[in-house]
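The values are calculated or read from the model by the stated rules, or taken from the named source; none is laboratory data. Because the structure is predicted, anything quoted here is derived from the model rather than measured. Counting neighbours? That spans all protein chains shown, and the Cβs are built from the backbone with ideal geometry, glycine included. When the accessible area is computed, the model is the full protein with side chains, heavy atoms only, and any ligands, DNA or RNA have been set aside. Shrake-Rupley method; radii C 1.70, N 1.55, O 1.52, S 1.80 Å.
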Amino acid sequence: RNDLITGVSHDLRTPLTSVLGFLGYIEQDRYRDELELRQYVSIAYEKSLVLEKLIDDLFDYTRVTSSDIPLKLEQIDLVPFLQQLADESVPALEAAGMICRVHAPSATIIVEGDGELMLRLFENLMTNAIRYGRDGRYLDIELTEERGLTSVIFRNYGEPIPVSHLPHLFERFYRVEASRSKKTGGSGL
């Protein structure tokens, strides 16, 4: 139960940051015209729907904690999918003094996957890349296709992770060092 709460709390932070960022732009009159204002409201609304879904997950404890999470597979074009993620992350990127660039070998790269779960994955990668890469100015999202396999790489240019910690990065709640935890927060999810 504690793992579920910790995990969902981490996932709640990402869309909440977007909602607060775009509402902050609106509150500070940082938009050029009504069209841009509507775009900011639309993004905040969409991220609020993501928050609603995550909160619903808390009430769906059995499904989320089960190892048999049913996947809702669909065809997803990763290029606009990741470009939209980059666009929606502009407030957090600007706050970190960063620019996100999406690189793809073609305009369309179709994969089969669960869109909601992929979004949660990529939002977590985006958040961590910004959090730990703010010293590097750029965040590059690189897509490659080779022999029927698609790879997505989130590359920031901040302080490198020590080689001895690399084998542990995908262990749940793993933190490279305590000072990172104090400096940047987060659970290591």
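Count of the stretch 132-153 residues, restricted to those that are open to solvent by 40 Å² or more (accessible area, probe 1.4 Å) and either closer than 16 Å to H103 by Cα or touching a helix residue (DSSP H, G or I) at 6+ places or on another chain (Cβ under 8 Å) (or both), is 10.
Considered as a group, the residues in the stretch 85-115 that are surrounded by 15 or more Cβ atoms within 10 Å (Cβ to Cβ) and in a helix (DSSP H, G or I) include one that is nearest to the chain's Cα centre (by Cα), and that residue is L85.
Every listed requirement among (1) under 21 Å from D87 (Cβ atoms); (2) assigned to a helix (DSSP H, G or I) is met by R155 save one, (2).
Taking first residues from the stretch 24-43 that are under 14 Å from P91 (Cα atoms) and partners that are open to solvent by 70 Å² or more (accessible area, probe 1.4 Å) and at pLDDT 95 or above, no Cβ contact under 6 Å between residues at least 6 apart in sequence or on separate chains turns up. Yes or no: L166 open to solvent by 60 Å² or more (accessible area, probe 1.4 Å), farther than 28 Å from P70 by Cα, hydrophobic (A, V, I, L, M, F, W, C) and outside any loop (DSSP other than H, G, I, E, B)? Criteria met by L166. Scanning the stretch 101-127 for residues that are touching a residue at least 40 places away in the same chain (Cβ under 8 Å) and farther than 24 Å from R147 by Cα yields a count of 9.
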